[in-house]
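What follows is a short report on a single structure.
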Amino acid sequence: EVQLVESGGGLVQPGGSLKLSCAASGFTFSGSAMHWVRQASGKGLEWVGRISSISNNYATSYAASVKGRFAISRDDSENTAYLQMNGLTTEDTAVYYCARGPPGGIFYMDVWGKGATVTVSS
Amino acid sequence: QTVVTQEPSFSVSPGGTATLTCGLNSGSVSPTKYPSWYQQTPGQPPRTLIYSTNRRSSGVPDRFSGSILGNKAALTITGAQADDECDYYCVLHMGSGIWVFGGGTKLTVL
């Protein structure tokens, strides 16, 4: 079964840092791009960023709202993607989903995790 | 700043047809932006419906279809059912590895 499981969410103070993990199973992780998408309570989906596969040199890209504060990485040997979040503000409070970008140069997200909740509050 | 536009809400009668759209504040949506559509019920992660404009994701009923209508991407739901009532999001690939979601459409079936 193709599956993505996020972990690492929690409560963090403004200005703090947090690192989310996304564990993949059931597919060839190394061949897929991985996205992070977030959703504040009662709001819509917001694309956060993406890391490509090794075939595209692990290129990363980010939404303007998080660029310079967030960093996406991956460990293909562990089938895991990461989202390092620094300089957190209350505006970053959201459920964070990881999603697979399927191989083959098709630009969309086809498999989603259930999400991890991040709360930024003092 | 790129803004992807969607109807905030849309109502359809049971058995009817709903066409939701996905546009840009500046410019047109074309297949080169790889429009995709996602369905989300409360408390659940998104479910992929349509990708690359009009390709259905695995397991999605053929009541759901995608297209380009004029300068927008469109998601058409035919034979609307009560459990189609939820939120629908489009996302566009803007190039340079950047994706932008629309604000979502809340579909009501009544």
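Summary of values
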quantity	calculated
Under 12 Å, Cβ to Cβ, from A:Met34 - net charge with Lys/Arg +1 and Asp/Glu -1	-1
Backbone N within the range A:81-109 under 19 Å of label point (7 Å from B:Met94 Cα along the Cβ vector)	A:92, A:107-109
Mean separation of Cα contacts under 8 Å, 6 or more apart, over the residue count of the range A:1-82: relative contact order %	26
For peptides B:31-40, B:45-54, sequence by mean Cβ density within 10 Å, most packed first	B:31-40, B:45-54
Pairwise centroid distance, computed over Cα atoms, of the range A:1-30 with the range B:61-110, Å	27
DSSP-defined beta bridges in the protein assembly as shown - what % are antiparallel, rounded to 5	90
Selection of chymotrypsin sites (Phe, Trp or Tyr not before Pro), the range A:44-122, meeting DSSP coil and at most 15 other Cβ within 10 Å	A:Tyr58
Overall form of the range A:1-117 per C-alpha gyration tensor (a/c, 1.5; a/b vs b/c)	prolate
Residue pairs, from the table A:Lys19/B:Lys72; B:Lys72/B:Lys106; A:Lys67/B:Lys72; A:Lys19/B:Lys33; A:Lys43/A:Lys67, whose Cα atoms sit over 26 Å apart	A:Lys19/B:Lys72; A:Lys67/B:Lys72; A:Lys19/B:Lys33
Average Cα contact separation per residue, the range B:9-110, under 8 Å, 6 or more apart, as relative contact order %	36
Cβ-Cβ FRET estimate between A:Glu78 and B:Val3, R0 fixed at 30 Å, reported to 0.05	0.20
Aspartates and glutamates whose Cα lies under 14 Å from that of A:Lys114, excluding same-chain neighbours fewer than 8 positions away	A:Glu6
Under 14 Å, Cβ to Cβ, from A:Ala81 - net charge with Lys/Arg +1 and Asp/Glu -1	0
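Laboratory data are not the source of any read-out in this text; all were calculated from the coordinates shown. Remember, predicted model here, so these are calculated numbers, not experimental data. For neighbour counting, all protein chains shown are included, and Cβ atoms are generated from backbone atoms with ideal geometry for every residue, glycine included.
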